[in-house]
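Notes follow the structure.
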Amino acid sequence: MNRATPTTLLNLVWVSFILVGFLAALVQLLHGDLEIFSRVLTGLFESAKTGFDISLGLVGLMSLWLGVMKVGERGGIIQLFGRALGPFFRRVFPDIPPGHPASGSMIMNFSANILGLDNAATPLGLKAMRELQELNPRKDTASNPMIMFLVLNTAGITLIPTSVIAIRQSLAVKQGLIGFNAADIFLPTLLATFVSFCAGLIAVAMWQRINLFCRPVLLFLGGFIGLMGCLYAWLSALPIEQMSQMIGLLGSGLIVSIIVVFVGVAAWKRIDVYETFVEGAKEGFGVAVQIIPYLIAMLVAISVFRTTGCMAYLIEGIRSAVLAIGLNDDFVPALPVGLMKTLSGSGARGLMVDVMTTYGVDSFQGKLAAIIQGSTETTFYVLAVYFGSVNISKTRYALACGLIADAVGLVGAILIAYLFYY
């Protein structure tokens, strides 16, 4: 995997999506579907446009967050974050020097993911990846810290699935449900995403031979579990309207407070905050433009696989296998959400809405779709964007570990949904 050959795992996946999709289109053409290649071509054009629009939309966010992070770095807050979790990070990222800015950026990225703030998490993650690249001796090959960071990012813990809760509430109103608790998937989603996080951490640790049975890691995981338990006990005691308000306040309030602290501390240290912010913001445009070819490449391959019906064939095959071994197949309608989430976040969101519309937002299938959407990540998207931002072409075992975390997380979400709702 480390050699400069075209047979990297990501390359094989990309080529397979294209070729398998083309073969599926040919089969459908032979069966009389004369519009199949027209749909594939339309999907290709739309995916390319989507990739460009996403990258362009990142310019403003990248400029904002890279500017804020530069202020925090100059003010010493980023380094303070890094020292606070130093024992844990030294165990999980042994190749990162103590106090390096990458530690603080990664912590900020994980914090944004935990709160379900994707728009904030992506720029922070790209900032961390650029800082990790500074430590990378082989600039075209993913380093061990890069792989660990990416896998934990794709399998990251989501405390508050804000967008999923909002979509469920909106659909509940359309379906005439009275007193519907859109946040009732909070605890199952947290458990499912924690399973995915642990699976990704263990997979990479085994590959990199990192010992996780040590006090810093166990204290971190135990402390997180305790904190989540207390938070859930507090939120679950509130009425649904107040719970939604507190969730929104918690997420947005924390991010705004961080910005204010960064600016306040830098100003107190007599740093030119405005010029520092502008200096960091200038990097935003370059980073956003740099990821365009990587993102478009991944999105067009996914489009071919989806529009030719390969995803539907895969789902039906799974359903047949489940029934053949005598298991309950009620989870199968929600399964496309998990499979698509690995490939496309917006595509998975559309499938989730479709499941909720077809079966009902309060059905077992609807709740499972929401849990899956809130607890898994777009591995291919994150891999393409994060590695593309620093021109990494040899990803080594990053994709394999990311998919392991996705698979374990998906199975965990299904089992947890059966435990809570079936």
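Below are the figures for this structure:
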| item | result |
| --- | --- |
| Violating pairs (Cα-Cα greater than 32 angstrom) within the set K70/K139; K127/K269; K127/K367; K341/K394 | K127/K367 |
| Area accessible to solvent at R91, 1.4 Å probe radius, in Å² | 110 Å² |
| Contact order relative to length of the chain, as percent, for alpha carbon pairs under 8 angstrom and 6 or more apart | 30 percent |
| Unit charges at the beta carbon, dipole of the chain: most positive-side option, G402, V322, V304 | G402 |
| Projected label distance in nm at Y232 and L218, using a 7 Å step from Cα toward the beta-carbon | 2.3 nm |
| For the chain, calculated [θ]222 nm from helices alone, where every DSSP H run of n ≥ 4 adds -39500 (n - 2.57) | -26000 deg cm²/dmol |
| Charge dipole of the chain about the Cα centre (unit charges at C-beta), most positive-ward option of S143, L26, A233 | S143 |
| Efficiency of FRET between A267 and R90 - r from beta-carbon atoms, R0 22 angstrom, step 0.05 | 0.10 |
| Surrounding net charge for E283, when Lys and Arg each add one and Asp and Glu each subtract one, Cβ distance under 9 Å | +3 |
| Residue-level accessible surface for I259, protein heavy atoms, 1.4 Å, Å² | 50 Å² |
| Candidate residues W234, W65: accessible-area rank, largest first, probe 1.4 Å | W234, W65 |
| Neighbour net charge for P216 - beta-carbon separation under 14 angstrom, K R +1, D E -1 | +4 |
| Dipole of the stretch 255-364, positive direction: furthest Cα of S257, G280, V332, with charges on the beta-carbon | G280 |
| Rounded accessible area of D354 (nearest 10 Å², 1.4 Å probe) | 90 Å² |
| Solvent exposure ordering (accessible area, 1.4 Å, most first) of L191, L327 | L327, L191 |
| Contour minus Cα-Cα distance for R319 and Y418 (0.36 nm per residue) | 34.0 nm |
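The values are calculated or read from the model by the stated rules, or taken from the named source; none is laboratory data. Everything quoted here is computed from the prediction, not taken from an experiment. Ideal geometry is used to build each Cβ from the backbone, glycine not excepted, and the neighbour counts take in all protein chains shown. Side chains included, ligands, DNA and RNA excluded: accessible areas come from the protein's heavy atoms. Shrake-Rupley method; radii C 1.70, N 1.55, O 1.52, S 1.80 Å.
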